[in-house]
Amino acid sequence: MSFSLFCLLALATPPGAPPPAVTALTHELHSPNTITRSRAARELGALKEEAGAAVPDLARALADVDQFVAREAAEALGKIGAAAVPALRKALWSDDARVRLRALMALSRCCPQDPPTIALLARTLKEDPDANVRRWAALTLDRIGLTKQGLIANLTAALADEDLTVRYSAAIALTRYGVEAKETTARLALLVTPEVASLKGAATDMLRTITATFGKPRANSHE
């Protein structure tokens, strides 16, 4: 498309309508060619907030049969930010765990702080049947860093999750809250220590942070 033609299209665009580039790239999201779809999602992400009109189509692309297209769609939604949050919240109800996971990855970048989203993230952490999804819910809550809406209680409950990586993610998130979480995490060190005592690197550093933040719980604690 020539520069002069692009300018004419831009001038002819009705007020409130998406920019021509967004309209064209949104159309390309439905191309039968995976490379075209992937590039379109990536370029929409580069437009950030300007690509808000493409959110519904990008949200549908989270379920794309090609994992690279789906990943680019998730990254694009994360870059678009607040305008993408309602669609990402809806995606957390998908029957496809991969869609829910990609939605969480995007939300972790958006860092939403509205109560409906935070409440749904807490529910996902507690109830989602997929361990990877629960782990990413904990990581997303950690990145957002809020202490409201009962997040501490939900993260503390996740310390008893059947999946080791979910327990780690919840423990790491809890270190953010310091004394605010101390009363609800009396058993934190006892829950984590046996699993990371023999590990090196980040796991050991995480345990040191937990111990320094909360102290060692009493041996007779029943909380």
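The values are calculated or read from the model by the stated rules, or taken from the named source; none is laboratory data. Being a predicted model, the structure only gives us computed values, none of them experimental. Glycine also receives a Cβ, built like all others from the backbone with ideal geometry; neighbour counts cover every protein chain displayed.
Observations, loosely collected:
- Options 41, 91: the member that is aliphatic (A, V, I, L, M), under 20 Å from residue 138 (Cα atoms) and in contact (Cβ under 8 Å) with a residue 12 or more places away in the chain: 91
- Enumeration of residues in the stretch 30-59 that are in contact with a Ser or Thr (Cβ under 7 Å, 6 or more places away or on another chain) and within 17 Å of residue 99 (Cβ to Cβ): 37, 57
- Residue match in the stretch 145-158 (condition: part of a helix (DSSP H, G or I), modelled with pLDDT of 75 or more and small (Gly, Ala, Ser)): yes
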